[in-house]
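Asks: To start, I am sharing the structure in question, which I have written as structure tokens.
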Protein chains: 2
Amino acid sequence: MTAPQTVAVLLSGGLDSTVALHWAARQGRVACALSFDYASNHAQQELACARWQADSLGIPHRVIDITAISRHLDSALLRGADAVPTENYGTDNMKQTVVPFRNGIFLAIAAGIAESDGCGGIVIAAHSGDHSIYPDCRETFMSAMSSAIREGTYAHLEILRPFIDSTKGEIVRIGQQLGVDFAHTYSCYRGKERHCGICATCRERREAFADAHTDDPTVYEQQ
Amino acid sequence: MTAPQTVAVLLSGGLDSTVALHWAARQGRVACALSFDYASNHAQQELACARWQADSLGIPHRVIDITAISRHLDSALLRGADAVPTENYGTDNMKQTVVPFRNGIFLAIAAGIAESDGCGGIVIAAHSGDHSIYPDCRETFMSAMSSAIREGTYAHLEILRPFIDSTKGEIVRIGQQLGVDFAHTYSCYRGKERHCGICATCRERREAFADAHTDDPTVYEQQ
């Protein structure tokens, strides 16, 4: 898959979106990286990594402050570290970490900004392991939202999902080939300085490095 | 059309959305009215009317501050009164008043909030005269965005468009039957205390009252 025109890249500062930024940068047409500050527990750690990665590539980085919106949303991700469950994804209480319609909100705002910036597309690091407990990660949503953004913009903006057929382990491998410094990516939902090692996203992060047979530079609080 | 469950109503404070709020209130299941402050020229006038209308019905009113987003968007609507053209809709320079993907952004944020609030639907006052110069007012967009919101939420939120087959004149008639006080609605894109009377939205407002054979309580700067 190639990025046919100038793109905006959604960059959380996590593992997947960081690799997506490097992938798009390699194509040579990144107008900007977009991060959202939605007052999540892990905002500061994530955003610092996002900034570091964009700077390392010389790509303009915009942080969109949507904390005024999050105030109206209900989620454990917005209520402090202790509200985050430590089980694997798939158990009922992981539903608490849903931020209602988060991908819809991110993509809609990104579409407005990308259209203002004269971009032709938006890159999002959706992948094959995205969780069906999050309805706004499902294919039916992504496909309808892509149509809405294509139809609702003059530029007929395209949503590009370079990793949609890849596992998280494969994304780590792609990142390694692209020279990504994974020490400057952040995944933990608890948002402390070190990754906790036991929340669902930490568990997945560890598995991804293991699956990729790649050294994991992350320092976890609990091994 | 009936609103089958609790709904959130998008309320700009303009003529159409005010009638939509009264229509939904008559159904008896409005959880809240949602207004967006996106730093438009006419924000203060519109929001004051929105607040007045919600208060008059005893409906909780939430104003979502998205000025931090608008800073990244390009539109004459965000650049002061003098940037607003005074021609009818349909001429090329009305394109300047497009706020990129505005309906997409409003609906996405509303979906997140409506899901958090346990609503079953979102009411938007889209109507048959909405302008094809705005891609995010076209049927192809609305239909795809409705699917995205239905698929991307646990509640399978429905987008309700009670006026989709009505003209603006018919909306005025419906409003009159519902007892709407139109003096507390605001349409002008220039955002002064009085409606200018010559921008495209003022022209449409006047025509709507004329079409409805209803007294227009608006004081226009230019007759």
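Matching residues to (1) surrounded by 19 or more Cβ atoms within 10 Å (Cβ to Cβ); (2) more than 15 Å from B:Phe101 (Cα to Cα); (3) touching a residue at least 40 places away in the same chain (Cβ under 8 Å):
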| position | (1), (2), (3) |
| --- | --- |
| B:Glu115 | yes, yes, yes |
| B:Tyr134 | yes, no, no |
| B:His156 | no, yes, no |
| B:Asp165 | no, yes, no |
| B:Gly175 | yes, yes, yes |
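Asks: Same structure again: Filter region A:120-152 down to residues that are under 26 Å from A:Gln27 (Cα atoms) and of a type in the set (Val, Ile, Thr) and give me whichever is farthest from the other protein chains (Cβ to nearest Cβ).
Replies: Residue satisfying both the conditions and the ranking: A:Val123.
Asks: Restricting to region A:10-49, what's the tally of residues that are out of contact with any helix residue (DSSP H, G or I) (no Cβ under 8 Å at 6 or more places or on another chain) and of a type in the set (Asp, Glu)?
Replies: Here the count works out to 1.
Asks: A further question on this structure: Do we find that A:Gly179 is more than 14 Å from chain B (Cβ to nearest Cβ), among the small types (Gly, Ala, Ser) and farther than 25 Å from A:Arg51 by Cβ in this structure? Give the steps one after another, and end with the answer.
Replies: Working: more than 14 Å from chain B (Cβ to nearest Cβ): yes; among the small types (Gly, Ala, Ser): yes; farther than 25 Å from A:Arg51 by Cβ: no.
Answer is no for this residue.
Asks: Got at least one residue in region B:194-212 being within 26 Å of B:Gln27 (Cα to Cα) and assigned to a loop (DSSP other than H, G, I, E, B)?
Replies: yes
Asks: Please find, within region B:153-176, the residue that is nearest to B:Ala111 (Cα to Cα) out of those that are of a type outside the set (Val, Ile, Thr) and within 10 Å of chain A (Cβ to nearest Cβ). Even if it seems obvious, please write down each step before you answer.
Replies: Filtering region B:153-176 down to residues of a type outside the set (Val, Ile, Thr) leaves B:154-158, B:160-163, B:165-166, B:168-170, B:173, B:175-176.
With the extra rule that they be within 10 Å of chain A (Cβ to nearest Cβ), the set shrinks to B:154-157.
Working: B:Tyr154: 11, B:Ala155: 10, B:His156: 10, B:Leu157: 7 Å.
Selected residue: B:Leu157.
Values in this text are rule-based calculations from the coordinates and carry no lab data. Just so it is clear, the structure is predicted and the values come from calculations on it, not from any experiment. With ideal geometry, Cβ positions are generated from the backbone for all residues, glycine too; neighbour counts draw on all protein chains shown.
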